[in-house]
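Trainee: Handing you a structure now.
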Amino acid sequence: AKELGRNTFHFYTEELTRAAGRRLAMETRLRRAIEHREFVLYFQPQVSVADGRTIGVEALVRWNDKEKGLVGPDEFIPVAEESGLIAPLGLWVLKEACRQLQVWRHRGLALPQVAVNFSSQQFLLQDVTARVSEALELSGLPPEFLELEITESLLMRQGDSAPAMLRSLKDLGVRLVIDDFGIGYSSLAYLREFPIDRLKIDQSFVRDIETDHSAREIASTVVAMGHNLSLEVLAEGVENVRQLEILKMLECDAYQGFFASAPLPAEDLPGWLAAWPSPSGR
Ligand code: C2E
Ligand code: CA
Ligand code: CA
Ligand code: CA
């Protein structure tokens with residue numbers, strides 16, 4: 001038994017060392033990727049539930065790795081957050097999203113806004129208000145075209161400083177959105193004090209909305225509460241027409257998901273817009 005214990009211990013330390021090694025290797029590659037700008041933004045359309053009008057796009061980052069090809073954010077954002085690399089990466093995402101929307105606006109595309117994801121770590125590492133202000137100035141994008149997606153956990157972690165922080169962002173004229181609403185620590189009491197424009201119902205509720213009574217009730221409650229507080233409500237992860245019909249019944253304002261479109265590379269967005277049957281169609 002003693003032998004076994006020692007071997008098990010040995011096994012664990014080896015595993016841990018390997019995991020730490022992999023993490024470090026990833027961090028090194030990520031650092032290099034940021035220097036060499038190996039990232040691309042994909043854009044997922046956001047659509048009005050009532051008439052199918054396109055109301056904006058969400059920017060979602062991908063790593064275009066020479067060996068692995070396109071790598072999704074779930075694989076590298078956590079490492080970027082732990083290592084602090086989220087600061088330069090997030091800055092690139094912000095500037096690139098603003099730049100791209102300006103290009104589309106100058107080409108006459110009807111795109112009212114671009115949404116950019118912010119992780120709470122970014123707020124700890126940098127003066128986000130100053131960075132956002134710079135990005136707007138650099139691109140010339142009017143602030144009301146930029147939407148910042150933050151999570152409930154960010155609001156909780158910032159504690160007492162959260163209202164002032166959000167207020168200073170809001171004073172720039174940008175729009176503020178709470179992402180993944182309903183799965184984090186609930187911030188219902190705070191919703192009153194925060195200058196929020198929109199709630200995004202987490203896709204886990206939408207996924208089960210046809211079959212699970214409680215998922216549907218939660219979605220319904222978020223829409224009603226949001227509207228009572230004069231907030232817009234968007235549902236994410238809509239994959240089929242039945243989910244959309246239920247959201248229409250609940251009077252949800254907008255949605256995004258594979259049913260409208262998967263996230264697209266920038267060059268594909270104008271074609272998608274031209275083909276999308278709005279506002280009469282869906
Ligand atoms: P998120 O902000 O909740 O983004 C929604 C995710 O759901 C995206 O995954 C999107 O591709 C995916 N999705 C969209 N429609 C559907 C659908 O109909 N069904 C299903 N099953 N999934 C759908 P993605 O692009 O892999 O991004 C994952 C997460 O990575 C994002 O979740 C966000 O938290 C984070 N992320 C992405 N880009 C950035 C960024 O630039 N900065 C930061 N800090 N985080 C980012
Ligand atoms: Ca998001
Ligand atoms: Ca989300
Ligand atoms: Ca998410």
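Trainee: Contact order normalised by length for the chain, with contacts defined as Cα pairs under 8 Å and 6 or more residues apart; what percent is it?
Mentor: Dividing the mean separation by the residue count of the chain yields 19 percent.
Trainee: Can you compute the modelled spin-label distance between Met225 and Met26, with each label point 7 Å from Cα toward Cβ, in nm?
Mentor: Using points 7 Å along Cα→Cβ, the separation is 3.3 nm.
Trainee: Also: Using all Cα-Cα distances in the chain, what percent lands in each 10 angstrom bin from 0 up to the longest?
Mentor: 6, 26, 32, 23, 8, 3, 1, 0
Trainee: Another question, then. Can you tell me how much longer the chain between Met156 and Trp92 gets when fully stretched, taken as 0.36 nm per residue apart minus their C-alpha distance, in nm with one decimal?
Mentor: Working: separation 64, 0.36 × 64 = 23.04 nm, distance 2.57 nm.
The Met156-Trp92 span can extend by a further 20.5 nm.
Trainee: Compute the angle between helix 2-35 and the longest alpha-carbon principal axis of the chain, please, reported from 0 to 90 degrees and rounded to the nearest 10.
Mentor: That helix lies at roughly 50 degrees to the long axis.
Trainee: Between Glu134 and Ala189, what is the spin-label point distance in nm, taking each point 7 Å from the Cα along the Cα→C-beta axis?
Mentor: Inter-label distance under the simple model: 3.7 nm.
Trainee: What do you get for the angle between helix 213-228 and the principal long axis of the chain? Use alpha-carbon atoms, 0 to 90 degrees, nearest ten.
Mentor: Computed tilt is about 60 degrees.
Trainee: Next question, about the same structure. Most exposed first by the Cβ proxy, i.e. fewest other Cβ within 10 Å, how do Tyr42, Tyr190 rank? Could the numbers behind the result be given before it?
Mentor: On the way: Tyr42 20, Tyr190 16.
Fewest to most other Cβ atoms nearby, the residues stand as Tyr190, Tyr42.
Trainee: Further question on the same structure: List the relative contact order of the range 69-202 as a percent without decimals, with contacts defined as Cα pairs under 8 Å and 6+ residues apart. Before the final figure, lay out each step's value.
Mentor: Working: 166 pairs, mean separation 28.1, N = 134.
The value is 21 percent.
Trainee: Give the calculated FRET efficiency between Ala110 and Thr17 to the nearest 0.05, with a Förster radius of 45 Å applied to their Cβ-Cβ distance.
Mentor: Numbers: r = 54 Å, r/R0 = 1.20.
Once rounded, the FRET efficiency stands at 0.25.
Trainee: Ordered by packing density, taken as the mean number of other Cβ atoms within 10 Å over each peptide's residues, highest first, how do 233-246, 148-161, 68-81 rank? Let's see the in-between values first.
Mentor: On the way: 233-246: 19.4, 148-161: 17.6, 68-81: 15.6.
Highest to lowest by the protection proxy: 233-246, 148-161, 68-81.
Trainee: Quick check for me: using +1 on Lys/Arg Cβ and -1 on Asp/Glu Cβ, what's the dipole size of the chain about its Cα centre, in debye to the nearest 20?
Mentor: Numbers: 30 positive and 41 negative charges, 116 e Å.
Charge dipole, the chain, about its Cα centre: 560 debye, nearest 20.
Trainee: Going by Cα centres, the range 216-281 and the range 13-60 are how many Å apart?
Mentor: 23 Å
Trainee: What nm distance separates the two modelled labels at Asp208 and Glu82, each placed 7 Å from Cα along Cα→Cβ?
Mentor: Label-label distance for Asp208 and Glu82, simple model: 2.9 nm.
Trainee: When the chain is fully extended, how far beyond the present Cα-Cα distance does Leu125 get from Glu251, taking 0.36 nm per residue of separation?
Mentor: Extending this stretch completely gives an extra 41.5 nm.
Trainee: Defining a contact as two alpha carbons under 8 Å apart and six or more residues distant in sequence, what relative contact order in percent does the range 88-144 show? Intermediate values should be presented prior to the final figure.
Mentor: Numbers: 33 pairs, mean separation 28.4, N = 57.
Here the relative contact order equals 50 percent.
Trainee: Could you line up His227, His36 from fewest to most neighbouring Cβ atoms inside 10 Å? All intermediate terms of the calculation are to be shown ahead of the outcome.
Mentor: Working: His227 14, His36 9.
Exposure proxy ranking, most exposed first: His36, His227.
Trainee: So for the chain: antiparallel DSSP bridges make up what percent, rounded to the nearest 5?
Mentor: So the antiparallel bridges amount to about 45 percent of the total.
Bear in mind that the values in this text are calculations on the coordinates, not laboratory data. Keep in mind that this is a model prediction, so the values were computed, not measured. Quick reminder, even Gly has a Cβ in these numbers, built from the backbone with ideal geometry, and neighbours come from all protein chains shown.
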